[in-house]
Structures are given as C-alpha cells and as structure tokens.
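J.: The structure is given below, and queries will be raised subsequently.
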Amino acid sequence: MAAVDRDQIATVLESCAVLLELQGANAFRCNAYRNAARAIQQFDGDLGAVIAEGKLTSIRGIGGSMAEHVLEIAAAGRLAYHDQLVDQTPPGLVEMLRIPGFGPKRIRQVFTELGIATVAELQAAGADGRLAELKGFGTKLVAKILEGIDFLATAGQRVLYPTAKEWADRLIAAFDGQPGVVALSLAGSLRRLAPTIKDIDIVIASDDPQPLLDLFVALPEVRRVTGHGDTKASVVLQCGIAADLRVVSPTQFPFALNYFTGSKAHNVEMRARAQDRGLRLNEYELAGEGRSVACASEEDLYAALDLAYVPPELREGWGEIAAAEKGPFPRLVEAGDLSGTFHCHTNYSDGANTLAEMADAAREMDFAYLGIADHSQTAAYAGGLVPAKVKKQHAEIDKLNAADPEFRLFKGIESDILGDGRLDYDDETLATFDYVVASVHSQFNLTIEGMTERIVRAIRHPLCTMLGHATGRLLLRRDGYPVDVERVLAEAAKHGVMMEINANPNRLDLDWTACRRAKALGVGIVINPDAHSTVGLLDVQYGVNVARRAGLQSSDIFNCLPAEEIAKRLAARKEAAVAKLGAGT
C-alpha cells in the first residue's frame, strides 16, 4: 500500500457527511462520518501502521463499517459509496455549499420546499421574494444569501492552494519513472504559490508526447476529458478542478515553462523586453531575424534578456523585471528557517491537542520553541480562558519547561479586540503573558473608519505584541472586513507591533501585497499557523509561501531568529510595556 494520505481520507469522509445532509439523512449517520473524518485528521500516530495491523477500530470514532471505508480510500484513493452519493446529489446543491453562511440544512430546505436545485434558481427565488417566505429565512438572511452568490460569482471556480497542490501532486506522481519524460514541472498559479487556484498546469519535456497524453487522460483522478490533442490534453478532475498537460520538446521546455507559469503581466513585460532587443519570445522559442537563442533552462532565458533569474513566486508584475535588472534576488525565506511559531491553540480553548502534544509536535518539526495563544475569555464560544484557567495553563507550561530546558513553551494569548478597541482582560492579567496576539473575532459590520480605529486602539496598547489575521478574510468564503490597512501598518510601525501572516490556508492574512508594504514601513512580520491541532502546525509552510511571494527574507521574519533572541526581545518588550503602564515588574 502507498503512503497513507490522512487529509484525503478525512476529506472524503467529511464530504460523505455533507452529501448525506443534503439528501436529508438522519443526524446520527451524518455525524458518524464527520466524527470519523475528525478522528482521522487529528490522529497523531502512524495511520499506515494502524491500517497494516488491522487496528483501525482502536481509533475512537472509527467503527467496523467506517474502518472499511478508510481502508478503501487508503488503497484506491476513492470511495465507491462517496461516488454513489455524488451521483445521487444534484450538482447545483453541492455548488450552493460554497455560498458563505448557507449550509446543508438550508440548502435541503430550499430544495424540498421550493424545488430549487441550482444557484441561478436560488438567486431568482431570492430576488422575487420566495426565499423570504420560507420558515427561518427572512429579508436579512436572504440579503446575505444574495450577497454570498455575488461573492461566489467573483470567486469563480477556484480552490485553495493545498487542495489544488494535493491533486497536482497525484497527477505528477503518475509520471514518475515513465519512459520519455526528460523534465516535468508544475506551472501556472500553483507554481507561483498563489493562495487560490483556478486550474492545474503541468508541462513535460519529451520527444514522444502521445503515450504521456494518453496516460494523463486515463488516470483515475480524471472525471471528464475535455481535450486530447497531439501536444495538449485537458481534463476535469474528480474534485472539479480543471487540469491541463502540455508536452513539448526538450528544447522548447524552458520557454513553455516560463510562458505557462505566468503571470500574464510578467509575460507581457518579458515579451516587450525581448522585442526591445530585436527578438521574439513565445512559448516555443526566443528568436530574431535569422537566429534562435538556445536556452537550456529558465535561468538561461532570463540571462539572454540581461536579467537575473526571477523566482516563480515573484512573477506578478509588481516591478520584478526592473528589480532583476539590478542583479540577483536575495535568498527568499524557507520553512526550514523558522525556529518556532506563536499563534497556536490547545484543548484549553478550542484546540484538539494538549500542551504536551503540541510541544512534542513542534519538536518533531525541529522547532526550538512554541508559543501557545489560546482564546481569551470573551470568546466563550471557543472555550476562552477565564483568569483562573490562565493561571492553570501557565503552571502547566512552567512544569513542561522545567522538564525540557532545551525546548521552550512561551505563554501567549489570542486576546479579542473588543468592539471599542480594548484588549480582552485587564492589564494585570495581560502582563502575565510573554506576548499578546490581538485579533478581531466579532462585530465585522463596522464602517471602515470604525473598524480601523478599533484596531488602531488595540495596537496602541503597550502589551499588544502582534496583530492576528488583520483583515479577517476567509478565502473563497468571505471578504475581509472594511479596514484601512495602510493606516494599520503605519500604526504598527510606530508602536513596534508585529503583523501576523496567518498561515491557515483559509486565511493567508496578511496577503503578499500588504506584506511588501509592511516591510517597506519597517513593520516586523511573524508567520503563525493559527494551529488548532498538531497537524495544523504544518500550515506554517503556507505562510512561508505568502512571505516568498512578498519577496521576504529570513531577516524580515521575527520567528526566524534564534530562540534565545526571541526570548530576549519578548522579555524586553514586555518589561517596557509594564513599566509604561506603571504596573511595576
């Protein structure tokens, strides 16, 4: 059996739960699949070993029949029962799930009571008043649904980076060891590490394209073939993502890879630069009057145009061509540069794992420290910590730190920014933490002036260390709340408050453009996973992706510093803050 992909297993089981809800199955049956998905996702042991030993049912939440499902997904990469549920469910109902705030139960209601089976029909029913007449709806909810439909139209058929990358990796793995493959690479927005992806592009160098194209369209991941030519094949995958494979000759490969990586703005500048030198650049060659410029790699292509190599994630038309004229780009930050991270939750609030489990997982990632930032008391819905619980957690952290002097747990908190901009807890309680992540979790409907002033007031608090998920956006689900990011960054620079790149792939907030501006203003950046489980710690890689797209180096990232320096700076900032507040030390 190949390596077990727990994310894939959990995704299929969770999808079963949702599809059953759409079909009106009883809650117990739906929850069985949802609980099983959660159990697989949060299982900390070697899932492959448990499967091999036939001990799946030893995992809480996995019964006999569910274990059979897990085995089938692990072995075949799919589940026949899931395919059956997909076939039985109108595709329009599944599409409605992407509408922010519109869940399976309400979708089921409009389907059974009004016969609505597509987003277009839902939009029409909202416009003509039929939706508002349904029990539990009303004008405010309908307005939000229609707003969500507009957002869906804007977002298009995009998916989050990890989803697209997972499927792309499966496609690429199919070509491992295949004869005739000289070179192979992802292209498009995936190669540029974009946060959301519309389709998957793969480029292969080979002198014998047809067998490779035939293999591509016959893969089990393919739901439908939409094109199958001599050098290109196009498909729709089982997950709904479109994918293109282009097979070019080895001599064409550098040009094709560059062209199909994009972005469009970058390609326009590259072609214009070639024209200025009397050359023509396209996906097949760099050539001029009676001559062709041979390039064995993309590096050669940029050099032929008197440019330093531009890393794919920087090719977004922000001025990278002008920067490449001046010489090589500095080394971009890598995940291995991180010495630890800070915004992490435990089962003291709404996390899945204990302090000790989170610490162990951080050690396995070669982190020298881990910052714990559970929810503050106002976030009662997430088990926010009342002061007595704070003291209990701090005592446990002290005990764990004493047991392993080589690894440190920092005492942090994700303090809610209250409606008027105050931080949750009084100053005395806030001063017990090593650092404070200030975040907005409520009252998103303020004006841009009101929200900005609220956040700015929080930043001005001496004990505010970093601002969490600054705009509150959820990719493909909701836009961020209205906020003047430029003013927030300026205030953060003034008060020495760091800005978080929230590495949760649903957020990736700040985005890369704001990160570039933050660097220009001298604002410190910290990459945090907002982890709610040990597995969630791995999300730091997506935050690194954002930092790379912003052109950031390890020297720009706070949590690339050594653990000793981290501790020194946090302690100094806290000491200065306490002194400023007049609370003593």
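J.: Do you know the relative contact order of the chain, to the nearest whole percent, from alpha carbon pairs under 8 angstrom that are 6+ apart?
T.: Once divided by the residue count of the chain, the mean separation gives 9 percent.
J.: When DSSP assigns beta bridges and you keep just the ones with both residues in the chain, what percent turn out antiparallel, to the nearest 5?
T.: Restricted to the chain, the bridges split so that about 45 percent are antiparallel.
J.: Just add up the charged neighbours of VAL181: K/R +1, D/E -1, any other residue whose Cβ is under 11 Å from the Cβ of VAL181.
T.: Every neighbour counted, the sum reads -3.
J.: Could you list THR452, THR513 in order of exposure, starting from the residue whose Cβ has the fewest other Cβ atoms within 10 Å? Walk me through the numbers on the way to the answer.
T.: Values: THR452 21, THR513 13.
Ascending number of Cβ neighbours within 10 Å: THR513, THR452.
J.: Could you tally the net charge around ASP509, taking each other residue with its Cβ under 9 Å from the Cβ of ASP509, Lys/Arg +1 and Asp/Glu -1?
T.: Net local charge, ASP509 excluded: 0.
J.: Quick one: compute the contact order of the range 180-325, relative version, from alpha carbon pairs under 8 angstrom and 6+ residues apart, as a percent.
T.: Dividing the mean separation by the residue count of the range 180-325 yields 21 percent.
J.: Exactly which GluC sites (Glu not before Pro) in the range 1-77 are in a DSSP loop and have at most 11 other Cβ atoms within 10 Å?
T.: On the way: sites: GLU14, GLU21, GLU53, GLU68, GLU72; in loops: GLU53.
Filter output for the range 1-77: GLU53.
J.: Quick one: grab the alpha carbon gyration tensor of the range 335-581, order the square roots of its eigenvalues as a ≥ b ≥ c, and give me rounded if a/c is under 1.5, else prolate or oblate depending on whether a/b is larger than b/c.
T.: rounded
J.: Moving to a separate point now. Using helices alone, I'd like the mean residue ellipticity at 222 nm for the chain: each DSSP H run of four-plus residues gives -39500 (n - 2.57), total over residue count, nearest 500.
T.: Working: 24 runs with 259 residues, N = 585.
Value at 222 nm, helices only, nearest 500: -13500 deg cm²/dmol.
J.: Straight distance only, please: which lysines reach the Cα of LYS574 with their own Cα at less than 16 Å, same-chain residues fewer than 8 apart left out?
T.: Cα-Cα hits under 16 Å: LYS411.
J.: Taking the Cα centre of the range 97-212 as the origin, how large is its charge dipole in debye, to the nearest 20, when only Lys and Arg (+1) and Asp and Glu (-1) carry charge on their Cβ atoms? It would help to have the intermediate numbers written out before the result.
T.: On the way: 14 positive and 13 negative charges, 135 e Å.
The calculation lands at about 640 debye.
J.: Report the antiparallel proportion of the DSSP beta bridges in the range 180-325 as a percent, rounded to a multiple of 5.
T.: On the way: 20 of 27 bridges.
Close to 75 percent.
J.: Sort the range 180-325 into rounded, prolate or oblate with this rule: let a ≥ b ≥ c be the square roots of the eigenvalues of the Cα gyration tensor; rounded if a/c is under 1.5, and if a/c is not under 1.5, prolate when a/b is larger than b/c, oblate otherwise. Each step should come with its number before you reach the end.
T.: Numbers: a/c = 2.56, a/b = 1.52, b/c = 1.69.
The shape class here is oblate.
J.: Dipole magnitude of the range 335-581 about its Cα centre, charges +1 at Lys/Arg Cβ and -1 at Asp/Glu Cβ only, in debye to the nearest 20?
T.: Its charge dipole is roughly 520 debye.
J.: Compute the Cα gyration tensor for the range 6-155, then decide on rounded, prolate or oblate, letting a ≥ b ≥ c be the square roots of its eigenvalues: rounded whenever a/c is under 1.5, prolate when a/b is larger than b/c in the other cases, and oblate in all that remain.
T.: The shape class here is prolate.
J.: Name the residue from ALA567, PHE151, GLY317 whose Cα lies farthest towards the positive end of the charge dipole of the chain, charges +1 on Cβ of Lys and Arg and -1 on Cβ of Asp and Glu.
T.: With unit charges placed on the Cβ atoms, the residue in question is PHE151.
J.: Taking the Cα centre of the chain as the origin, how large is its charge dipole in debye, to the nearest 20, when only Lys and Arg (+1) and Asp and Glu (-1) carry charge on their Cβ atoms?
T.: Computed charge dipole of the chain: roughly 1240 debye.
J.: A further question follows. Over what distance in Å are the Cα centres of the range 264-332 and the range 373-434 separated?
T.: 50
J.: Could you point to the residue in LEU581, HIS495, PRO405 farthest towards the positive end of the range 335-581's charge dipole, with +1 and -1 charges on the Cβ of Lys/Arg and Asp/Glu respectively?
T.: HIS495
FYI, it's all coordinate maths here, none of it is from the lab. Please read all numbers here as calculations on a predicted model, not as lab measurements. Quick reminder, even Gly has a Cβ in these numbers, built from the backbone with ideal geometry, and neighbours come from all protein chains shown.
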